[in-house]
């Protein structure tokens, strides 16, 4: 599972970011639309699908499991599903490349079928923990035939022929874990319940309801949810519109905030409140982000107009982490250009992403002259404000697309250029990223 030769890239101080763009479709919804479409009887259509490597690997997995998928172009897809519990034995291992989301969700979906499936991925994905997902699935009747140390990939799973319903209290705030249990629960009789102490992104619940499943989500404790799914539904084929990904929008948005004289409009960005912690935090820092032309197509969207802003350091509460877990890297870049210190609390989950994102983010800033402290699971970025971020460093991306994009955005406003050792992995979540940013005025070469 080796990647192609590295493709380094350098970002240099640029003129104003200007223009109007639509970033690619939301990755979380794209994965789920393909999987649920494949578990439906009849024809599901999808528009706005993110056609990055991660999502395309999920599409390949659905084909290998017996569903028929047709790519029509421009993010439009047609899916003929096999029904709940209808996945067929694949001819070989399912390779998810760099995608933890696709892999963990499909592990859940396959766990409710009486088939044996081998899951694999690249070196980065092989290093990521899968045990947290396997534990509840084993309680539902699935069995791990073989796995690397710690339940890591490559792993072979024997799905349950007669899966058992489960009530499961999630030990960590993880939408992937919750989704895996719910997808397995589709094939089980009775009710499967997941209890979260901290509410995580609810795209799986919303899409399950959209496809006709009976699912109820109620508040639990101060910040949690109790989600109950009625098993063995017949999912109905529907159309899914995938909105623009707020995690992808975060990169040009922060670039516009920190590059002087910028004004940028980002079209149809999803504003699900469980995904917008970054926008909330940036506004607390003084960011000018206007919401225009709001719509609701299953998920609320708006056009975001962003202007260069003078930012100040803030304290980001740990309770906000689930709503912005993928955005701390780019927030750290914004914090580097702010006046004063920004403290981001409760970032334990960042240590088990594509890389140890907590250490990698700190290192990205330090090699470019920004002081960062890590205290337990907190990160404190000492903003450079009017002094300016020195830049001039080379950032190790650790095969992580978000480190790559965050470092490049920093280089657009720092005094010296910022170089990354590899840009190849950006395509996993944001195809055409470099061309899009150049079109807005970014100096990338």
Query raised in the report: Quick one: how many residues across region 295-319 are touching a strand residue (DSSP E or B) at 6+ places or on another chain (Cβ under 8 Å), surrounded by 14 or more Cβ atoms within 10 Å (Cβ to Cβ) and outside any loop (DSSP other than H, G, I, E, B)?
Result: 11
Query raised in the report: For region 198-212, what are the residues that are part of a helix (DSSP H, G or I) and farther than 14 Å from residue 240 by Cβ?
Result: 205
Query - Selection status of residue 252, in the same structural domain as residue 17 (by TED's automatic domain parsing), outside any strand (DSSP E or B) and out of contact with any helix residue (DSSP H, G or I) (no Cβ under 9 Å at 6 or more places or on another chain) - result: no
Query raised in the report: If only one of 30, 2 is over 30 Å from residue 337 (Cα atoms) and modelled with pLDDT under 95, which one is it?
Result: 2
Query raised in the report: Identify, please: which residue in region 342-380 is in a strand (DSSP E or B), in contact (Cβ under 8 Å) with a residue 24 or more places away in the chain and touching a helix residue (DSSP H, G or I) at 6+ places or on another chain (Cβ under 8 Å) and is, among those, farthest from residue 127 (Cα to Cα)?
Result: 342
Requested in this report: Take the residues in region 399-415 that are more than 16 Å from residue 368 (Cβ to Cβ) and part of a loop (DSSP other than H, G, I, E, B), then tell me which one is modelled with the lowest pLDDT.
Outcome: 399
Query raised in the report: Looking at region 416-424, is at least one residue farther than 14 Å from residue 332 by Cα, assigned by TED's automatic domain parsing to the domain that holds residue 255, crowded, with 23+ Cβ neighbours inside 10 Å and touching a helix residue (DSSP H, G or I) at 6+ places or on another chain (Cβ under 9 Å)?
Result: yes
Query raised in the report: Picking from 92, 66, 102, which residue would you name as being under 17 Å from residue 27 (Cβ atoms) and not in a strand (DSSP E or B)?
Result: 102
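Quick grid of which residues meet (1) at pLDDT below 95; (2) surrounded by 22 or more Cβ atoms within 10 Å (Cβ to Cβ); (3) more than 22 Å from residue 14 (Cβ to Cβ):
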site	(1), (2), (3)
333	no, yes, no
345	no, no, yes
348	yes, no, yes
354	yes, yes, yes
388	no, no, no
426	yes, yes, no
Query raised in the report: What number of residues within region 106-124 satisfy the criterion of being surrounded by fewer than 24 Cβ atoms within 10 Å (Cβ to Cβ), in contact (Cβ under 8 Å) with a residue 40 or more places away in the chain and not in a helix (DSSP H, G or I)?
Result: 5
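The values are calculated or read from the model by the stated rules, or taken from the named source; none is laboratory data. For clarity, every value in this text was computed on a predicted model and none was experimentally measured. Because the Cβ atoms are built from the backbone with ideal geometry, glycine has one as well, and the counts that use them run over all protein chains shown.
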